[in-house]
Amino acid sequence: MVKQKRTMTRKRMTKKKIKINRKAKTELDKYPLVEVKWLDICSDSSWLSMKDAMSMPLPMCNTKGHLLSQAKGITRIFGDYSEGTKGNIEEIGNVTIIPNSVIIDIKKISWQISNKCVLLIYYINYKDFEWLHMETRN
């Protein structure tokens, strides 16, 4: 009996390393916002035919956060942080550690908030607060 070679096609991560700006003005600016697309492990405890088990796809996951490091085959991202009295980062939370071998793509997220956008957010929040205040008085 001749065994058939099974081939799995998946995109390979481009050897993309995002630079961490150690000379940034603020400590948070040292850690760029990134989006990482990666393949996760999948497990199914139900009864399946061998054909169905062989055709199960790997789930594609997306993680967004601040890039802490990319070293020794691991990408580290954090989503939350607490500030000290001097505006420095004291602690980080919601840390995700992803092996580089499962990463399909990683890219910097750039964003800017204009003054008009800030005013709109303030206006919406103020109106919600005003409505809530009126509801609680009745």
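The values are calculated or read from the model by the stated rules, or taken from the named source; none is laboratory data. Given the structure is predicted, the values throughout are model-derived calculations rather than measurements. Note that we place each Cβ from the backbone using ideal geometry, even for glycine, and neighbour counts take in every protein chain shown. For accessibility, only protein heavy atoms count, side chains too; no ligands or nucleic acids. Shrake-Rupley method; radii C 1.70, N 1.55, O 1.52, S 1.80 Å.
Details
- Residue match in the stretch 55-66 (condition: exposed (fewer than 12 other Cβ atoms within 10 Å of the Cβ), free of Cβ contacts under 8 Å to residues at least 12 places away in the same chain and not in a strand (DSSP E or B)): yes
- One residue from 69, 101 being modelled with pLDDT of 90 or more, open to solvent by 50 Å² or more (accessible area, probe 1.4 Å) and hydroxyl-bearing (Ser, Thr, Tyr): 101
- Restricting attention to the stretch 39-52, the residues that are more than 19 Å from residue 103 (Cα to Cα) and either surrounded by 10 or more Cβ atoms within 10 Å (Cβ to Cβ) or under 15 Å from the mean Cα position of the chain (by Cα) (or both) add up to 2.
- Look at the stretch 26-54: where a residue is free of Cβ contacts under 8 Å to residues at least 24 places away in the same chain and assigned to a helix (DSSP H, G or I) and a partner is open to solvent by 50 Å² or more (accessible area, probe 1.4 Å) and not basic (Lys, Arg), sitting 6+ places away or on another chain with Cβ atoms under 8 Å, you get 29/21; 30/21; 53/44.
- Residues of the stretch 72-91 that are outside any loop (DSSP other than H, G, I, E, B) and open to solvent by less than 70 Å² (accessible area, probe 1.4 Å): 74, 75, 77, 78, 79, 82, 89.
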